[in-house]
Amino acid sequence: MKRPHPFRFEKRQSKRGPVYYVIYDFDPAHPKSTGVLVNVNDKNDKWAPAGYDDVVAWAYASLEKIQIHSDISFGEFARDFFDPEKCTWTRRQLIRLRRSGRKPFGADYLPAHNARLKNYLLPRWRAVPLNMITVKGIDEWLVELDSIKYGIPLAPASLDKILVAMRKIMEEAEYQGYIKENAAAKVKLFGGEGKSRLPFTMQEIRILFPEDVDKAVRHWQSLSWYAYFLLQWTCGLRPGEAGAFMLSDWIKEHHGAVIRRSIENRTLNIKGLKTDKKGITVKPVVFSDKLESVLTLLEYQEHAQNQLLFTVNGGPIKAETANKHFKASAKRAGIETGERTQYCLRHTFYTEALKRMPEKEVEKMAGHKALRKEYDHRKGIDFLKAAQPLRGIINDLNKEES
């Protein structure tokens with residue numbers, strides 16, 4: 001029998017019942033749903049379902065769309081992608097978020113992705129047809145990509161953000177039928193896909209930061225390194241914020257500090273907090289007795305009050321250098337860090353503080369506007385323990401019922 005069409009049909013189950021899928025001869029691996037429910041009188045004619053001329057018409061219309069747009073360039077498709085006034089993807093996501101009751105994109109989300117599009121994606125891919133973009137091409141481009149601002153290789157986290165922006169664009173191109181598959185989705189993230197910054201256990205923390213200062217110095221190799229990491233664990237500071245700390249920041253009568261500065265890791269310049277653009281320009285942190293005793297010892301060593309307390313070779317500490325020292329020190333203490341880094345000390349602080357303090361207070365000390373779920377590693381048992389004061393209320397409710 002001669003094929004009447006360059007496609008065939010297949011019945012597949014959906015939530016609404018069985019529907020027709022069209023399978024094109026040139027792309028048999030990617031059936032497309034027509035959205036049309038199966039006719040109960042259909043005699044299993046896979047070439048043209050009985051009484052369903054509209055299904056055949058849909059298949060041809062979809063085929064025409066694929067052929068018309070097969071050579072559309074990345075630049076033509078992505079030009080205004082992250083503009084909520086012009087891009088259907090952005091509008092659709094905003095509607096989804098509103099209807100689900102979730103918060104819309106953060107203030108920086110769309111502008112940041114738009115900057116990645118303008119600065120990195122369009123200069124390379126503007127004239128390339130969407131269907132000519134390959135996994136190999138994307139991967140080879142990313143590994144050689146330099147910062148447009150500094151002219152040096154981009155950090156893995158920055159490369160991942162650029163790749164995520166490209167994935168979203170290519171995902172929408174696939175959704176609209178411009179390409180058969182999203183090549184960007186097959187490129188591996190540089191920072192490790194799905195890795196979470198797991199906290200340390202309190203047993204590990206006690207080993208890393210013992211009460212015996214001499215023992216701690218043996219782990220960390222110096223009192224300064226001990227204090228640097230202790231600031232991150234007991235105050236939840238980011239590495240750059242700890243690196244910008246000066247003894248003059250210590251407000252002794254209030255047992256803490258108001259943090260206003262951080263070290264920009266790439267340039268090692270002193271700047272404001274990472275959250276300055278979000279309106280959080282200062283963060284109050286309370287010091288533990290242990291931290292204050294260590295800072296007092298550093299004062300006795302005659303460290304300058306208005307200079308960086310923590311330096312390497314006379315300059316600010318780079319995050320990569322600190323991470324190497326952190327892992328080596330943890331190993332000396334007998335702690336296996338695995339994929340955990342110094343930043344996990346901040347996650348540990350956040351998680352343990354939430355077990356003991358009101359969320360709003362933890363948010364202030366962490367420098368966040370709202371509770372960040374990815375920082376919260378509490379388990380079910382932690383929430384159950386926190387709920388114990390409610391037991392009296394539960395008992396009273398039961399008495400009232402009886």
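Throughout, read-outs are computed from the coordinates displayed, never taken from laboratory work. Just so you know, these numbers come straight off a predicted model, no measurement behind them. Cβ placement follows ideal geometry from the backbone for every residue including glycine, while neighbour counts extend to all protein chains displayed.
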Principal semi-axes in Å for the stretch 74-186 [√(5λ), Cα gyration tensor, largest first]: 23, 18, 12
Sort the following peptides by mean Cβ neighbour count (other Cβ atoms within 10 Å, averaged over residues), highest first: 229-237, 74-82. 229-237, 74-82
How would you rank 258-266, 120-128, highest first, on the average number of other Cβ atoms within 10 Å across their residues? 258-266, 120-128
What fraction of the Cα pairs in the stretch 300-355, stated in percent, has a spacing above 12 angstrom? 74 percent
With +1 assigned to the C-beta of every Lys and Arg and -1 to the C-beta of every Asp and Glu, and no other charges, what is the dipole magnitude of the stretch 74-186 about the Cα centre in debye, to the nearest 20? 540 debye
Tail weight of P(r) past 20 Å, computed on alpha-carbon pairs of the stretch 246-323, percent: 41 percent
Which value in nm describes the separation of the simple spin-label points at TYR150 and LYS136, placed 7 Å from the Cα toward the beta carbon? 3.3 nm
Burial-style ranking of 147-153, 17-23, average other-beta-carbon count within 10 Å with highest first, yields 17-23, 147-153
Given 25 °C and 0.890 mPa s, how large is the Stokes-Einstein diffusion coefficient of the stretch 202-384 in µm²/s, with Rh as the Kirkwood radius over Cα pairs? 146 µm²/s
